[in-house]
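Accompanying notes for the structure given below.
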Amino acid sequence: MDAESFRSTFENFLGTERFVKFVRQGAVPRLLYWQEREWDRFIDKHPEFASALPQLEVLLRFCFVHRQELVQDRIEVFHGTVRYDDAYMAEHKRLFPYANAAPYITHGRDYPDDTIEVWHCPRCRQLASRYTFVRED
């Protein structure tokens, strides 16, 4: 299935705002109730995409800001807590939501390893590199 064609049709059907919300939520481990309802409505209008459901996680694995496929990487884990500046968080959400740049912050949760696999957008990561991460050990 052509991912770009699917995404374009799905976005046109849902509208950009709802589509972005759907993509941000993802399809793992399963669709939420509201997503299932949207999916059913979409398939009623576009039955040619009915076979996409098992592939939905992969089809939605892209950056909706930069329209790039996400790529996998392994990054450092920081076992601790960090508080980000509100202005930074606003920029992150708007300009580079899929940076997933090192380090991954555990915020006190147990994590057994010092690295973790993440999906990221190369353009998001490039934009995020302008910011400095400061540890609060």
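For Cα pairs less than 8 Å apart in space and 6+ apart in sequence, what is the mean separation divided by the residue count of the stretch 1-73, i.e. the relative contact order in percent? This gives 37 percent for the stretch 1-73. Relative to the dominant Cα principal axis of the chain, helix 33-45 is inclined by about 40°. In plain terms, the chain is cut at each of the trypsin sites (Lys or Arg not before Pro) found in a DSSP loop with at most 13 other Cβ atoms within 10 Å, and the longest leftover piece is 31-66.
Couplings 3J(HN,Hα) for the stretch 15-24, derived from phi with the Karplus relation 6.51 cos²θ - 1.76 cosθ + 1.60 (θ = phi - 60°), are x, 4, 4, 5, 4, 4, 4, 4, 5, 4 Hz, where x marks Gly and Pro.
Only protein atoms count toward the accessible area here, which uses a 1.4 Å probe; on the chain, the carbon and sulfur part of that area reaches 49 percent. Nearest 10 degrees is fine. How inclined is helix 3-14 to the longest principal axis of the chain, computing both from alpha carbons? Taking Cα atoms only, the helix is inclined about 80 degrees. Note on residue 28 and residue 105: the extension gain reaches 25.7 nm, defined as 0.36 nm multiplied by sequence separation minus the Cα-Cα distance. Karplus-derived 3J(HN,Hα) values for the stretch 69-77, using 6.51 cos²θ - 1.76 cosθ + 1.60 with θ = phi - 60°, are 5, 7, 10, 8, 8, 10, 10, 5, 9 Hz; glycine and proline are entered as x. Per-residue surface analysis assigns residue 76 an accessible area of about 70 Å², computed on protein heavy atoms at 1.4 Å probe radius.
What angle do you read, to the nearest 10 degrees and between 0 and 90, between the alpha-carbon axis of helix 86-95 and the longest principal axis of the chain? Once rounded, the angle reads 40 degrees. Surface exposure of the stretch 1-121, expressed per residue as accessible area with a 1.4 Å probe, stands at 61 Å².
Need one number: the % of Cα-Cα pairs in the chain sitting beyond the 26 Å mark. Counting every Cα pair in the chain, those more than 26 Å apart make up 33 percent.
The values are calculated or read from the model by the stated rules, or taken from the named source; none is laboratory data. All figures in this text were calculated on a predicted structure; none of them were measured in a lab. Backbone-built Cβ (ideal geometry, glycine too); neighbour counts: all protein chains shown. Heads up: the accessible areas ignore ligands, DNA and RNA and are worked out on the full protein's heavy atoms, side chains in. Shrake-Rupley method; radii C 1.70, N 1.55, O 1.52, S 1.80 Å.
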